[in-house]
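All of the numbers you see were taken from the coordinates with simple rules; none came from a lab. Remember, it's a predicted structure, so these values are computed and weren't measured experimentally. In this analysis, Cβ positions are derived from the backbone assuming ideal geometry, glycine residues included, and neighbour counts consider all displayed protein chains.
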Amino acid sequence: MKVGIIGFGRIGKVHAESLIRYASGIEVKAIADPFISEESKLWAKANGVKEVYSDYEKILADKEIDIVLICCPTDQHFIVSKKAILSGKHVFCEKPVSHSVEEILEIKKLLEKYNVLYQVGFNRRFDKNFATLKEKVASGMIGDLHILKITSRDPAPPPISYVKVSGGMFLDMTIHDFDMVRFVSGEEVEEVFVFGGVMVDEEIGKAGDIDTAIISLKLKSGALAVIDNSREAAYGYDQRVEAFGSKGQIIAKNELENTTVIATKDGILSRTPKYFFLERYMQAYTEEIKQFVESIKSKSCTVCGVDDGLKPVLIGLAAKKSLKENRPVKIAEIEKEYGIKS
Ligand SMILES: NC(=O)c1ccc[n+]([C@@H]2O[C@H](COP(=O)([O-])OP(=O)(O)OC[C@H]3O[C@@H](n4cnc5c(N)ncnc54)[C@H](O)[C@@H]3O)[C@@H](O)[C@H]2O)c1
């Protein structure tokens, strides 16, 4: 099978590396990026990528290419997804599919007509720690789930230019955590309430966003979840999950830079968490691409499809509304706005 990658920035390169090193029977035939760096061109040459285009339409027109990875900026995911599906390609689309519910619904409709697979890049599902935690929750080991706690803090905020086009913290950053709530619990979210603030950088506030939040969620079973977000944790990328149930608790801790622990008379010191997503989630990025390729080979559904792309956006919009109106918001209220039956 031959692959084309559209957008060759940070994440495009991560997926290309995974395909080349870990997916068997796959050739990365082409890359398209209008602003590709000289370094990336050299990388493509060294790794046997035959074509480097500036226009992604050339990838879509190539009949030999079966699979397209959409790794360009979020505001282009919809149009590229649409064209790729219409060209009969299997699609892996980075998160979020779109900030617009209407656009995601249009993709969903198209996928009902075209016989192609579509996977959304919620990589944390493939992290070995979180995947194990989910498996243990599903096995009933901790009984009925009562509380799910997710801590998700970035080491540093993105540039203000990015904040302005990001769709806001909930749709850009917390969207991963909304997906984790659904993934770990195996349940849908019913209601959301948010307290948020600007504590890291007042420029983020001036750009109309927040950088710190506590998000309470009620799940369909009545179980409760809480997500705490910060755009800046002084000690690195803080990514922890705790599931608490009627028979016990499971915790997934941070992965540290290394496992040394230094003990002196002044105290005990261990290393900081791995710096950011490229360091922390490499295993997960590789696993998600491997599983995507396996779904295509075995002609089975992808493990994270378009509905899994839609639901966290609905939760994100409910969170935005909750913050704005300072009240709990039911997901059904957002669904109703878009004529979605739950
Ligand atoms: N799953 C994750 O953990 C994760 C992590 C980072 C980024 N992302 C997502 O991946 C996407 C890209 O993020 P990034 O951090 O790699 O950004 P980036 O800016 O590093 O890379 C984006 C690339 O797309 C290129 N591009 C712009 N317009 C294009 C077009 N029309 N055709 C082809 N290429 C085009 C840019 O030149 C750039 O090289 C975003 O949607 C982001 O939300 C996901």
Multiply the residue gap between R271 and E188 by 0.36 nm, knock off their C-alpha separation, and tell me the result in nm, one decimal place. 26.3 nm
Report the relative contact order of the chain, percent, no decimals, based on alpha-carbon pairs under 8 angstrom and at least 6 residues apart. 19 percent
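State which stretch of the chain is the longest one without any exposed trypsin sites (Lys or Arg not before Pro), exposure meaning a DSSP loop state and at most 10 other Cβ atoms within 10 Å. Display every interim value, and only then the final one.
Details: sites that count: K63, K247, K265, K299, K341.
So the longest stretch without any such site is 64-246.
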Least to most buried among L224, L69, L117, L145 (fewest other Cβ within 10 Å first): L224, L117, L145, L69
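Please work out how much length the chain gains when fully extended from S300 to Q249, using 0.36 nm per residue of separation minus the C-alpha to C-alpha distance, in nm with one decimal. Spell out each step's value before the answer.
Details: separation 51, 0.36 × 51 = 18.36 nm, distance 3.33 nm.
Working it through step by step, the gained length comes to 15.0 nm.
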For the pair E279 and E51, the simple spin-label estimate (label points 7 Å beyond Cα toward Cβ) gives in nm 3.8 nm
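Give the relative contact order (percent, whole number) for region 186-231; include only Cα pairs under 8 Å separated by 6+ residues.
Values: 82 pairs, mean separation 17.7, N = 46.
Relative contact order here is 38 percent.
Return C301, C72, C93 ranked ascending by Cβ neighbour count within 10 Å, so the fewest neighbours appear first.
Least crowded to most crowded, the residues run C301, C72, C93.
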Given a Förster distance of 22 Å, report the FRET efficiency between L42 and M1 from their Cβ-Cβ distance, rounded to the nearest 0.05. 0.30
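Quick one: compute the contact order of region 1-59, relative version, from alpha carbon pairs under 8 angstrom and 6+ residues apart, as a percent. Intermediate values should be presented prior to the final figure.
On the way: 84 pairs, mean separation 21.8, N = 59.
After rounding, I find 37 percent.
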Full-extension gain in nm, L256 to K82, via 0.36 nm per residue minus C-alpha separation: 58.7 nm
Between I20 and K324, with labels modelled 7 Å along Cα→Cβ, what's the label distance in nm to one decimal, could you check? 4.4 nm
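Which FRET efficiency value, to the nearest 0.05, do you get for K108 and A61 by plugging their Cβ-Cβ distance into 1/(1 + (r/R0)^6) with R0 = 35 Å? Numbers along the way, then the final one.
Details: r = 25 Å, r/R0 = 0.71.
Efficiency at R0 = 35 Å is approximately 0.90.
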